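The values are calculated or read from the model by the stated rules, or taken from the named source; none is laboratory data. Computed from a predicted structure; not experimentally measured. Note: ideal-geometry Cβ built from the backbone for every residue, glycine included; neighbour counts use all protein chains shown. All accessible areas refer to the heavy atoms of the entire protein, side chains included, with ligands and DNA or RNA removed. Shrake-Rupley method; radii C 1.70, N 1.55, O 1.52, S 1.80 Å.
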Amino acid sequence: MAHPVAITLIIIAVLIAILVITGYISDPIIDIPTLALLGFLTYRVINVVIKTRGRNLYSYEGKIGKAVDDIKSGQEGYVIVEGEYWRALALEDIKKNEDIVVVRREGMKLMVKKKVSDIETSRV
């Protein structure tokens, strides 16, 4: 796929051509900064779309969080993962403020277990 800068330059060139043909470019003091801003915004949008393509932003499996309260095995409690509060079902006993690892997500509930080591979290 073409580089985002090339795509942005093509879009700006087409836009300038359309503005010249239709006669809307009349004051360069206004038009040049406007086109520069439009070009920058177009570049950022295209760049974000290309970088996030194929990525599941809603996958929480393997992410690290922190327990908000004590959760017994098989019981529900709350955890914080990426700054969001989630209702969680503990697969083992977890104490308050302990690091947790998300095993899977079922609906609006996370299945979590204690974070033992960095090696374990890379295998999840």
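A few points about this structure:
- Cross-link partners of Lys113 among lysines, defined as those whose alpha carbon lies under 20 angstrom from its own and excluding same-chain residues fewer than eight positions apart: Lys63, Lys66, Lys72, Lys95, Lys96.
- Taking amide H as placed 1.01 Å from N in the peptide plane, the amide H of Arg104 sits under 5 Å from that of Met111, each at least 5 places away or on another chain.
- In this Cβ point-charge picture (+1 for Lys and Arg, -1 for Asp and Glu), the chain has a dipole of about 340 debye about its Cα centre.
- For Asp70, distant residues with modelled amide H under 5 Å away: Lys96
- Karplus-derived 3J(HN,Hα), 6.51/-1.76/1.60, for each residue of the range 111-116, Hz, glycine and proline x: 9, 10, 9, 5, 7, 8
- Answer label for Cα Rg over 2.2 N^0.38 Å (calculated), chosen among (i) 1.78; (ii) 1.00; (iii) 1.25: (i)
- Accessible area of Arg44 in the full protein assembly, 1.4 Å probe (Å², nearest 10): 100 Å²
- Expressed as a whole percent, the proportion of Cα-Cα pairs in the range 61-112 lying more than 14 Å apart is 36%.
- Vicinal HN-Hα couplings computed from phi for the range 89-95 (Karplus, 6.51 cos²θ - 1.76 cosθ + 1.60; Hz; Gly/Pro x): 10, 7, 8, 8, 4, 10, 9
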